[in-house]
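The values are calculated or read from the model by the stated rules, or taken from the named source; none is laboratory data. Everything numeric in this text was worked out from a predicted model, so none of it was measured. Heads up, the Cβs are rebuilt from the backbone with ideal geometry, glycines too, and the neighbour counts pull from every protein chain shown.
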Amino acid sequence: MKNFTTNQATKLNLKDFKSIPMRTFWITSFAFFLCFFAWFGIVPFMPEVVKDLGLSPSQKWNSIILAVTGTVYARLAIGKLCDTYGPRLCYTYLLIFGAIPVILLGFVQTPLQFLICRLFIGFIGASFVITQFHTSIMFAPNIVGTANATSAGWGNLGGGANRLGMPLIAAAVVSFGVSDDVAWRYAMVIAGVLCIAMGLGYYFFTQDTPEGNFATLKATGKMPTLKKDEVSFLSVLKDYRVWILFLVYAACFGIELTVYGTMDDYLQNRFGLERTFAGNLVLSFALMNLFARTLGGYFGDKFGNSKGLRGRVIFLALILAAEGIMLSLFSMTTSLVIGMIFLIAFSLTVQMAEGATFSVVPFINKKAIGSISGIVGAGGNVGAFLAAILLKSKSAVAESNAIAASSNLGEQAIKAAQTSASAVAVSSGYFIIGGCIVMAALLSLAIKFNKVDKKLKTLDLNIQLADQ
């Protein structure tokens, strides 16, 4: 059977906007950016939402958990759909249908409606799987880690850019005479409309592979049929390496989601920072996605090119262990300056670990890259869910005890006790999570490759280089 990716790019030329691989790289990166922008678009407006809808602290935490829970199921499903129908159609439909709950969030009137929308908005987070799948089949083995990491990192940037972008959209709406109290609703509607427009653009300006779309390639016998895809999917489920990477991604991307989702409050409670300043600090860490995740993929490729597939795993284990250590050290400090040093180091290593993970994924089973990407990607959201549950349980118990113990001391004293208890509880949670990350790093060393995997990698690279 003819290789349907013989025109894969062997270089990541960011100035190239014409070749199919690079055009796909730019479009899929921007699509992913918009998805993350919309997925976490409500975050900057949570104080207004809490006031408008009367959300309780528990409902606020539940909305955070639901936002990442829905993504688990979507990522598991979308990987298999990519293998079967191709990334072009999958991204088109995900963007268009995923925009519906984003738009509906602008019309909610009750806490229940808000929670339901947050659950279904999480489905748009499956865009990560399609992005990784599409870049994996557009780029050759020598550069695929860097391409995957860069597209994903720039896409993840949308989750931080919304902290500036969504308030700016709301401000623009207010300039047209809309009340400040409802500007957040208009901003969510606009974000949803942008996703729909991006979905249409994805359909008309990309194709599934360098050789053409899946439907055409299958009709001409140039790629596996559906039956063979099903066989490869069964092998994915039986492959222990996939589930190790599932846990690894839970320990990096999942933890990044939860840590950044709770960091604003933690910085205010632990170090006494103002809300705006704390938010700007968290935004600066998100901006590191511009280069940090790319570094992870780049060094994954470097280790892989010099030390083979095992080199990719070794680098992943090292950077993941560094991430866990940095988070644990950050959790123990009470000095803002020292804490910022460890937090910057954590931000750098966690994003590099994400890039390093997807420098390994394309080499596990080339017949089912989409399915593997879906399972591993879902691991990230499982990690975010478990970490959020841990922090919520510790914080809720600590705050309740603090309130009970200071109930006779006045409102200001109660608030101070609650703040202090929350900071200590979250700090303890971060330390525990850091230890779990180090354990995941040790587990990643169990990933092995056989001689067939290594020969296929060398053969594929030689084919790509010969065709350039």
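Descriptive notes on the structure:
- A77 falls short of the stated requirement of being buried (at least 19 other Cβ atoms within 10 Å of the Cβ) and hydrophobic (A, V, I, L, M, F, W, C).
Conditions tested, residue by residue: (1) at pLDDT below 90; (2) within 16 Å of V350 (Cβ to Cβ); (3) among the hydrophobic types (A, V, I, L, M, F, W, C); (4) in a helix (DSSP H, G or I).
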position: A278; (1), (2), (3), (4): yes, no, yes, yes
position: V282; (1), (2), (3), (4): yes, yes, yes, yes
position: T294; (1), (2), (3), (4): no, yes, no, yes
position: D301; (1), (2), (3), (4): no, no, no, yes
position: N305; (1), (2), (3), (4): yes, no, no, yes
position: R312; (1), (2), (3), (4): no, no, no, yes
position: L316; (1), (2), (3), (4): no, yes, yes, yes
position: A322; (1), (2), (3), (4): no, yes, yes, yes
position: M326; (1), (2), (3), (4): no, yes, yes, yes
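- Region 407-421 - residue that is among the small types (G, A, S) and at pLDDT below 75 and, of those, nearest to G272 (Cα to Cα): G410
- Cross-chain or 6+ apart pairs with Cβ under 7 Å, region 350-366 first and more than 16 Å from N142 (Cα to Cα) and at pLDDT below 95, then of a type outside the set (F, W, Y) and not in a helix (DSSP H, G or I): N365/D239
- Just one of the numbered conditions (1) without any contact (Cβ under 8 Å) to a residue 60 or more places away in the chain; (2) buried (at least 21 other Cβ atoms within 10 Å of the Cβ); (3) farther than 16 Å from S328 by Cα is not true of S400: (2).
- In region 295-313, the residues that are over 13 Å from A353 (Cβ atoms) and in contact (Cβ under 8 Å) with a residue 12 or more places away in the chain form Cβ pairs under 6 Å with partners that are of a type in the set (G, A, S) and surrounded by fewer than 24 Cβ atoms within 10 Å (Cβ to Cβ), at six or more places apart or across chains, as follows: F303/G311; G304/G311.
- Entry remark, region 376-397: residues being surrounded by fewer than 22 Cβ atoms within 10 Å (Cβ to Cβ) and aliphatic (A, V, I, L, M) number 6 in total.
- So Y91, is it crowded, with 23+ Cβ neighbours inside 10 Å and among the aromatic types (F, W, Y): yes
Listed here are the residues, each with its yes/no results for (1) in contact (Cβ under 8 Å) with a residue 12 or more places away in the chain; (2) more than 23 Å from T135 (Cα to Cα); (3) hydroxyl-bearing (S, T, Y); (4) touching a Leu at 6+ places or on another chain (Cβ under 6 Å).
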residue	(1), (2), (3), (4)
Y202	yes, no, yes, no
T206	yes, no, yes, no
T216	no, no, yes, no
V236	yes, no, no, no
V248	yes, no, no, no
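- Output for region 144-173, where each listed residue is out of contact with any Phe, Trp or Tyr (no Cβ under 9 Å at 6 or more places or on another chain) and surrounded by 15 or more Cβ atoms within 10 Å (Cβ to Cβ): none
- Residues of region 264-276 satisfying the condition of being among the charged types (D, E, K, R) and modelled with pLDDT under 80: R275
- Hey, L409 within 30 Å of the chain's Cα centre (by Cα) and surrounded by fewer than 16 Cβ atoms within 10 Å (Cβ to Cβ) or not: no
- Qualifying residue in region 176-196 (condition: among the polar types (S, T, N, Q), more than 30 Å from K51 (Cβ to Cβ) and at pLDDT 90 or above): no
- The single residue among F431, F449 that is within 23 Å of R312 (Cβ to Cβ), surrounded by 14 or more Cβ atoms within 10 Å (Cβ to Cβ) and at pLDDT 75 or above turns out to be F449.
Every residue, every condition in (1) modelled with pLDDT of 95 or more; (2) basic (K, R); (3) touching a His at 6+ places or on another chain (Cβ under 6 Å), yes or no:
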| site | (1), (2), (3) |
| --- | --- |
| K222 | no, yes, no |
| K238 | no, yes, no |
| I244 | yes, no, no |
| C252 | yes, no, no |
| T262 | no, no, no |
| F285 | no, no, no |
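- Taking each residue of region 329-346 that is touching a residue at least 12 places away in the same chain (Cβ under 8 Å) and looking for partners that are of a type in the set (D, E) with beta-carbon atoms closer than 7 Å, six or more apart or interchain, yields F346/E323.
- Options T258, T357; residue that is part of a helix (DSSP H, G or I), under 16 Å from A441 (Cβ atoms) and under 22 Å from the mean Cα position of the chain (by Cα): T357
- Boolean, V424 is touching a residue at least 24 places away in the same chain (Cβ under 8 Å) and either of a type in the set (D, E) or under 20 Å from G125 (Cβ atoms) (or both): no
- Among helices (runs of 4 or more DSSP H) entirely within region 136-245, having at least 1 residues that are closer than 30 Å to S444 by Cβ and among the acidic types (D, E) singles out 226-238.
- The one condition from (1) closer than 30 Å to I137 by Cβ; (2) outside any helix (DSSP H, G or I) that L55 does not meet is (1).
- Residues that are of a type in the set (S, T, Y) and either modelled with pLDDT of 90 or more or not in a helix (DSSP H, G or I) (or both) within region 72-108 comprise Y85, Y91, T92, Y93, listed in sequence order.
- Neighbours by Cβ (under 6 Å, 6+ apart or cross-chain): first from region 19-47, over 24 Å from R118 (Cα atoms); second aliphatic (A, V, I, L, M): P21/A9; P21/M138; T24/M138
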